[in-house]
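Shown next, in structure tokens, is the structure this report addresses.
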Amino acid sequence: MAEMASILSARPSRALSGDVSVPGDKSVSHRAVMLGAAAIGETRISGLLEAADVIRTVQAMAALGAHIERHADGTWVVQGVGVGGWKEPSETIDFGNSGTGVRLAAGLVATAPVKVIFTGDESLSRRPMERITGPLSLFGAQIDTAPGGTLPMRVIGTDDPVPVEYTLPVPSAQVKSAVLLAGLNAPGETIVIEPEPCRDHTERMLKAFGADIAEEITDKGRVIRLAGQKELTPADIEVPGDPSSAAFPLAAAILCPDSRVRVRNVLLNPTRTGLIETLHEMGAEIRILEPRQSGGEVIGHLQAETSSLRGVTVPASRAPSMIDEYPVLAVLAAFAHGTTRMEGLAELRVKESDRLAVTAKALAACGAEVKTGADWMEVTGTGGKPLKGGAVIDAHHDHRIAMSFLVLGLAAEEPVTVRGADMIATSFPGFVSLMRGLGADIAPVAETDA
Ligand code: S3P
């Protein structure tokens, strides 16, 4: 993996143009490796996101007994151990920055007779794990965390699991997936009830791996039923481009004068397209081209052009479908005509950073008018004029904060510098060269100049 400079600066840029592909979707990549590891036989994955978070999942699945290798053509080949067939790892499994990795892996091991200790970096070690330890204990697993419900976390999986019926208290695909993955090795039917829909890649991919899983919409929400203790059959997975990564070059094209950027083959699963819907409402010139079905998902090209934006209210009901896009939406809103109000943001407080607080503080440092509450944010835009910029922003161990504020710097009066920009490597290796290829002036800065 290429090194990412830890301090980057973005300078005012114009006429961004190009036709690019972003790396594979992070959510789909984690799941492809994990389900491949839980299947019997050979799973082949193309387009896997080769970024730090997913590599942690590859290493974790290898530590649990799967055989995983990357072929010269970029295909990853996983030989799985079978449902519940995990080997007890000899060492602690370090998930780095990845909440998805650690929470889903905890689900996988909770219903197998292995003891696993999970750790993570500074950011992950602050994030709440009770949201999974609660439901995973219901299967019979014994789980201990540090005081406060954080990592390190020890999971002693059960060799006598019982199936679980669980209603999600927060719209979290990580919690839903942890429960479903634990249910793979529980006898009988594990049921997850999802009052508000959130990303459904686990359900879709479980079907591709032959799991016995069905969904119905009831008055309680979406009810997902999984029949456990059935082996998974391997699959060929093509990972489409990550819409959460595509958001950055597209946002830059919207903000920088005389720009037009196309991002090819992006995942357009309806549980992930809240940002596109919001941008349409804001009046952005963003188009979906050649939408098509591939591997059980909708994919298509996204094209954005320089646009005049107007402020809108983004309802809480849309939050799960754009949960990772609020920092970049807030940046876009800072250039709009009028005020953008974003509601239902409580989950932003427990992401790689407290994204509500960090985004608001960084926007204010760049000269934007921002107000926040416990679970909302309001950004009043400049009405199409450049923001002042000129700030040094700390990424707070959060890749999406780093990329969002570099995008802001491209459209500001003065350069914006981001410290801790090396975190971008967790999800978007090649971000700097892709953006530079479009004409964006983003470059490393020496410590002495920051
Ligand atoms: C993810 C789910 C989301 C998202 C994260 C990836 C996943 O988290 O923020 O980046 O792959 O399941 P929550 O499910 O906790 O909201």
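How many of the residues in segment 1-47 are of a type in the set (Lys, Arg), within 29 Å of residue 273 (Cβ to Cβ) and assigned to a strand (DSSP E or B)? If you could, list the steps in order and put the result at the bottom.
Of segment 1-47, the ones of a type in the set (Lys, Arg) are 11, 14, 26, 31, 44.
Okay, now just the ones that are also within 29 Å of residue 273 (Cβ to Cβ), so 14, 26, 31, 44.
Still in the running and assigned to a strand (DSSP E or B): 44.
The qualifying residues number 1.
Looking at (1) within 27 Å of residue 109 (Cα to Cα); (2) touching a residue at least 40 places away in the same chain (Cβ under 8 Å); (3) of a type in the set (Val, Ile, Thr), which is the only condition residue 191 fails?
(2)
Only one of 332, 345, 309 is at negative phi, open to solvent by less than 10 Å² (accessible area, probe 1.4 Å) and within 15 Å of the ligand (Cβ to nearest atom); which? Please lay out each step first, then the result.
Values: 332 fails: within 15 Å of the ligand (Cβ to nearest atom); 309 fails: within 15 Å of the ligand (Cβ to nearest atom).
The conditions single out 345.
Being small (Gly, Ala, Ser), farther than 19 Å from residue 409 by Cα, out of contact with any strand residue (DSSP E or B) (no Cβ under 7 Å at 6 or more places or on another chain) and open to solvent by 20 Å² or more (accessible area, probe 1.4 Å) narrows it down to one residue among 283, 296; which is it?
Answer to the selection: 296.
If you check 367, 409, 384, 389, which single one turns out to be modelled with pLDDT of 95 or more and open to solvent by 10 Å² or more (accessible area, probe 1.4 Å)?
367
Do we find that residue 9 is under 21 Å from the mean Cα position of the chain (by Cα) and either more than 16 Å from the ligand (Cβ to nearest atom) or not assigned by TED's automatic domain parsing to the domain that holds residue 203 (or both) in this structure? Quick ask: steps written out before the conclusion?
On the way: under 21 Å from the mean Cα position of the chain (by Cα): no; either more than 16 Å from the ligand (Cβ to nearest atom) or not assigned by TED's automatic domain parsing to the domain that holds residue 203 (or both): yes.
Answer is no for this residue.
Quick check: anything in segment 63-80 in a helix (DSSP H, G or I), at pLDDT 95 or above and open to solvent by 30 Å² or more (accessible area, probe 1.4 Å)? Talk me through it step by step, then tell me what you get.
Filtering segment 63-80 for residues in a helix (DSSP H, G or I) gives 63.
From what is left, the residues that are at pLDDT 95 or above are 63.
From the residues that got through so far, the ones that are open to solvent by 30 Å² or more (accessible area, probe 1.4 Å) too are 63.
Yes, there is a match, as at least one residue in segment 63-80 is in a helix (DSSP H, G or I), at pLDDT 95 or above and open to solvent by 30 Å² or more (accessible area, probe 1.4 Å).
State whether the residues of segment 103-112 include one that is of a type outside the set (Val, Ile, Thr), more than 14 Å from the ligand (Cβ to nearest atom) and open to solvent by 50 Å² or more (accessible area, probe 1.4 Å).
Checked segment 103-112: no residue is of a type outside the set (Val, Ile, Thr), more than 14 Å from the ligand (Cβ to nearest atom) and open to solvent by 50 Å² or more (accessible area, probe 1.4 Å).
The values are calculated or read from the model by the stated rules, or taken from the named source; none is laboratory data. These figures come from a predicted structure and were not determined experimentally. Don't worry about glycine lacking a Cβ; one is built from the backbone with ideal geometry, like all the others, and counts go over all protein chains shown. Ligands, DNA and RNA are stripped out before the accessible areas are found, and what is left, the full protein with its side chains, is counted by its heavy atoms. Shrake-Rupley method; radii C 1.70, N 1.55, O 1.52, S 1.80 Å.
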